[in-house]
């Protein structure tokens, strides 16, 4: 896993930025990626970066979240769900959100979402002036050059279009919802590729 650097160069490279990676049902046993749904923030020849969007860590009052970011000046009653975004830099916070909020963006992904990583967006969310939809995650997922492509060739990931409805929903199982949206029933999924 790489440390976070974002540099989406415009080339002929086919980027998966803005898409979902749905872990194959039989991949990553006993691992954080087992039945994970990842939103790809950045993908280029230098590797890929994504956020797991279906691993709820806990629901915290907004003032407790802000204290994590060393801000004690909030008395909001709002609660925020906190997700585990991945195993890299688990102490670093990111907010995946709708793009109408554009203060101090870290990244506008290849899709219709943006990523911020600053205390200002958390204050704005707590005060009701933040993005329409947002997801707070701690940590991220990173792949070295060629690593994600190799995992895809080994059928470890299913690629699909992302869905705001799934990302920002309170659906208990976003992974199942993403598979279902593709017409895949987890109960009938085979762990082996078929050959004709």
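The values are calculated or read from the model by the stated rules, or taken from the named source; none is laboratory data. Computed from a predicted structure; not experimentally measured. Because the Cβ atoms are built from the backbone with ideal geometry, glycine has one as well, and the counts that use them run over all protein chains shown.
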- [ ] Within the stretch 68-101, work out how many residues are exposed (fewer than 14 other Cβ atoms within 10 Å of the Cβ), assigned to a loop (DSSP other than H, G, I, E, B) and at pLDDT 60 or above.
- [x] 1
- [ ] Only residues that are within 15 Å of residue 113 (Cβ to Cβ) and out of contact with any helix residue (DSSP H, G or I) (no Cβ under 8 Å at 6 or more places or on another chain): list them for the stretch 33-57, please.
- [x] 38, 40, 41, 42, 49, 50, 51, 52
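Would you confirm, using the coordinates I've provided, whether residue 65 is at pLDDT below 90 and in a helix (DSSP H, G or I)?
In short, yes.
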Task: Within the stretch 3-57, considering residues that are under 14 Å from residue 178 (Cβ atoms) and more than 14 Å from the chain's Cα centre (by Cα), the one modelled with the lowest pLDDT - done: 25
Task: Wholly within the stretch 102-196, strands (runs of 3 or more DSSP E) carrying at least 2 residues that are more than 20 Å from residue 84 (Cα to Cα) and modelled with pLDDT of 85 or more - done: 157-161
